[in-house]
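Notes for the one structure printed next.
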Amino acid sequence: MGYRLELEAKGIGGAIMETKRAVICGYYGEGNGGDEALLVSLLQMLPPSVTPVVLSGNPQETQQRYGVETVHRRSGFSILQALRSAAVFIWGGGSLLQDATSLASPIYYAGLMVLAQQLGLETLAWGQGIGPLNRRVTRWLAQKTLQGCSAVSVRDRASAAMLVKWRIPSLLAPDPVWAMEAKAVPGLWELPAPRVAVALRPHPLLTPSRLACLTQALVTLQQATGVCLLLIAFQPEKDQPIARQIASRLSGPYKIITRDDPRELKGLFQGVEMAIGMRLHSLIMAAAEQCRCFA
């Protein structure tokens, strides 16, 4: 709700109500359910006068799934053409300005923002989580880029505090996925009850010993309660190996779940008693659907 008000009444709406085309940039088309959920949330909040053009790692899939114009996110010439035909450029949610995964990420996103600003587009940073920024150069780059934006919104207090320190005005609102519409999942209610969802991801802190400890805890939980474990792979390429490793230890009912539609990912939590999640959006989706959740 906060972001809808922001888009329509806080300047961002004013920037795009008069335009026909808006280029939307994020980590889309890369198989990550959380980022796809951010895209769906943004598309459902855009004023009807806007024609979105989405930068995607899989343009054909994104176009077919959401019915939008797309451009490959790694095609410099196509992106330049899209920017020249648009009036607005939007960073569409998530932790785009961070150097924890690589230095390439903040350079890529900031580079596109700077290019859009140089071409005279209205530039909007929407639903952002700023950081971590461990390098001096990436902190400087983030600050300078955000200073050139027409409007900035963030989803957490730490990001808001950083922008206050940089003297950049911003709007603080909940993560946009809170407002995304959920969709029923076929066959969910046919699985044995009670159901517990587990959404894990690779991470340096999820060491083999910690994963083994968590797996044993799930085995014990299932033996004691008879729960059906739903092992949810938000980003299948990365998450499924962990789900399979856990499944190999289970003696009771389970199902490894992947969904292409992020609205169905959220809908999963309508039929789950409890969720254990590492991915931020697994926890947001669970809490939004009034499911007990543990981070």
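Each value in this text was obtained by applying a stated rule to the coordinates, not by laboratory testing. None of the values given here were measured: they were computed from a predicted structure. Note that each Cβ is placed from the backbone with ideal geometry, even for glycine, and that neighbours are counted across all protein chains shown.
Numbers for the structure displayed
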| quantity | calculated |
| --- | --- |
| Per-residue Cβ neighbour rank within 10 angstrom, fewest leading, HIS281, HIS72 | HIS72, HIS281 |
| Neighbour-count ranking [beta-carbon atoms within 10 angstrom, fewest first] of THR145, THR51 | THR51, THR145 |
| Assigned charges on the beta-carbon of Lys, Arg, Asp, Glu; region 2-179 dipole about Cα centre (debye) | 560 debye |
| Along the chain, longest interval not containing exposed trypsin sites (Lys or Arg not before Pro), exposed being DSSP loop plus at most 11 other Cβ atoms within 10 Å | 168-295 |
| Anisotropy class of region 25-91 from Cα gyration tensor, a/c 1.5 cut | oblate |
| Two-site FRET efficiency, VAL137 against GLU30, from Cβ-Cβ distance with R₀ of 30 Å, rounded to 0.05 | 0.75 |
| Additional length obtainable on full extension of the chain from LYS165 to ASN58, 0.36 nm per residue less Cα span | 34.8 nm |
| Modelled FRET efficiency - R0 35 Å, LEU211 with ALA104, Cβ distances, 0.05 increments | 0.80 |
| About the Cα centre, charge dipole magnitude for region 21-96 (Lys/Arg +1, Asp/Glu -1 at Cβ), debye | 240 debye |
| Efficiency of FRET between LYS255 and LEU119 - r from beta-carbon atoms, R0 45 angstrom, step 0.05 | 0.40 |
| Selected from PRO204, LEU280, ILE242, residue furthest toward positive end of dipole (region 188-294; charges at beta carbon) | PRO204 |
| Choice from PRO106, PRO48, PRO236 with maximal GNM fluctuation in the chain (Cα, 10 Å cutoff) | PRO48 |
| Largest-first principal axis extents, alpha carbons of region 159-227, Å | 54, 36, 18 |
| Largest-first principal axis extents of the Cα set of region 188-294 (Å) | 33, 30, 21 |
| Net charge of Cβ neighbours under 14 Å - reference MET274; Lys, Arg +1; Asp, Glu -1 | 0 |
| Per residue, the convex hull volume that the Cα atoms of region 141-197 enclose (Å³) | 143 Å³ |
| Relative contact order (%) - criterion: Cα under 8 Å, at least six apart; region: the chain | 16 percent |
| DSSP H segments from the chain that extend 15 Å or more along their own axis, Cα-based, with Kyte-Doolittle mean of 0.0 or above | 33-45, 104-118, 208-225 |
